[in-house]
1. Pull up the stretch B:26-37, narrow it to residues that are out of contact with any Phe, Trp or Tyr (no Cβ under 7 Å at 6 or more places or on another chain) and buried (at least 16 other Cβ atoms within 10 Å of the Cβ), then point me to the one that is nearest to the other protein chains (Cβ to nearest Cβ).
2. Being surrounded by fewer than 18 Cβ atoms within 10 Å (Cβ to Cβ), facing chain A (nearest Cβ under 10 Å) and part of a loop (DSSP other than H, G, I, E, B) is the filter here, so list the residues in the stretch B:1-25 that pass it.
3. Here's a check for you: in the stretch A:139-154, which residue that is more than 9 Å from chain B (Cβ to nearest Cβ) and within 18 Å of the chain's Cα centre (by Cα) is nearest to B:Ser19 (Cα to Cα)?
4. So which residues in the stretch A:124-133 are over 15 Å from the mean Cα position of the chain (by Cα) and outside any helix (DSSP H, G or I)?
5. Test A:Glu158 against the stated conditions and say whether it is closer than 21 Å to A:Met62 by Cβ, surrounded by fewer than 21 Cβ atoms within 10 Å (Cβ to Cβ) and modelled with pLDDT under 95.
6. Right, B:Leu62: surrounded by 10 or more Cβ atoms within 10 Å (Cβ to Cβ), modelled with pLDDT under 90 and among the aliphatic types (A, V, I, L, M) or not?
7. If only one of A:Thr143, A:Thr102 is over 22 Å from B:His37 (Cα atoms) and β-branched (Val, Ile, Thr), which one is it?
8. Specify which of the listed residues (A:Ser27, A:Ser15) is within 13 Å of B:Ile60 (Cβ to Cβ), within 12 Å of the chain's Cα centre (by Cα) and surrounded by 14 or more Cβ atoms within 10 Å (Cβ to Cβ).
Amino acid sequence: MNQNEFMQLVSPFKSKIFRVAKRLLVSTEEAEDATQEVLVKLWTKNEVLSVYTSVEALAMTMTKNYCLDQLKSKRAGNLRIVHTNFTDREAPLQKQVEDTDTMSWVEKVINQLPEQQRLIVQMRDIEQYEFEEIAKILEMNETAIRVALSRARKTIREFMIKTHSYGIG
Amino acid sequence: MELDRIEILLEKYFDGATSIAEEKELQDYFSGDVAQHHEKYKPLFGYFVKEREQQFEQNIPLQTKKRKVVAWLSVAASVVVLVGVGTFAYFNQTQSQDLGTYDSPEEAFKETQKALALLSDHVNTGVESVQYIQEYETAKDRVFVDHHN
């Protein structure tokens, strides 16, 4: 496979990698680095890629592992970043898009979920993967995924009801 | 869309039991006007749609071709260095082999004699200068007489 063929192969899902990485790492810059890292790693596997039935699923698993490793080493190094303090390059643009504050509240509550639930919400509600695919990517069984997803959605719902009744929403 | 159906779908949604098609139905519903008691979920589904739009536009640094060029460059450079060092050493060696050798044995003998004479001459000069020191020694013995003997 040459470079052009590889780029064509990854172009349908490279943004998905970026969004999943951003869900876990929160900062846009770190997510961009992670995406590049994962794609370069995938390129080095070039010769054996044909063995895999779904390169996309492989890429997503690699992304998940890479980001969780990043988070782990950050914590081990006592460098845990308080994500809310991030000055994000895209922030002003996002603010333009948002008509209300509520969407950033949604983002906040999702990003406060445990990492695994965050990943599952991202893959199901945003990337719209089937449970079967998510199970393959996360190396979990489908029932466990449904349970975690339901838990995450209910946490979000509780929060939405609360903010709504306070008149924020 | 019937409100009852939305109600059922929402319940299923929070139980993690909806299919992708059903979730798309919900998203369609929440992208338009919704019943007042559903207003609170609107930002949630709106957020999902918005998040899906984020794109990754950066270049991917695959760079394998560059790396190959660099590798070949380093190979070429090391070959140049090796050849350079090799020729330098080779020419140096041939120069140092020129020791001023004589071809006829008589001439060589004469030259050797000359060289040895020169050497012994210098050795004798050395011995002469040591004899001065002997002179000092006898003079010292005359002044400092050892009374213990």
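1. That would be B:Val34.
2. B:Asp15, B:Ala17, B:Ser19 - these are the residues of the stretch B:1-25 that are surrounded by fewer than 18 Cβ atoms within 10 Å (Cβ to Cβ), facing chain A (nearest Cβ under 10 Å) and part of a loop (DSSP other than H, G, I, E, B).
3. Among them, the one singled out is A:Met140.
4. The answer is A:Glu130, and nothing else.
5. Taking the combined requirement at face value, the residue does not satisfy it.
6. When the stated conditions are applied, B:Leu62 passes them.
7. It is A:Thr143.
8. A:Ser15 is the lone residue from the list that is within 13 Å of B:Ile60 (Cβ to Cβ), within 12 Å of the chain's Cα centre (by Cα) and surrounded by 14 or more Cβ atoms within 10 Å (Cβ to Cβ).
The values are calculated or read from the model by the stated rules, or taken from the named source; none is laboratory data. All figures in this text were calculated on a predicted structure; none of them were measured in a lab. Please note: Cβ atoms are built from the backbone with ideal geometry, for glycine as well, and neighbour counts cover all protein chains shown.
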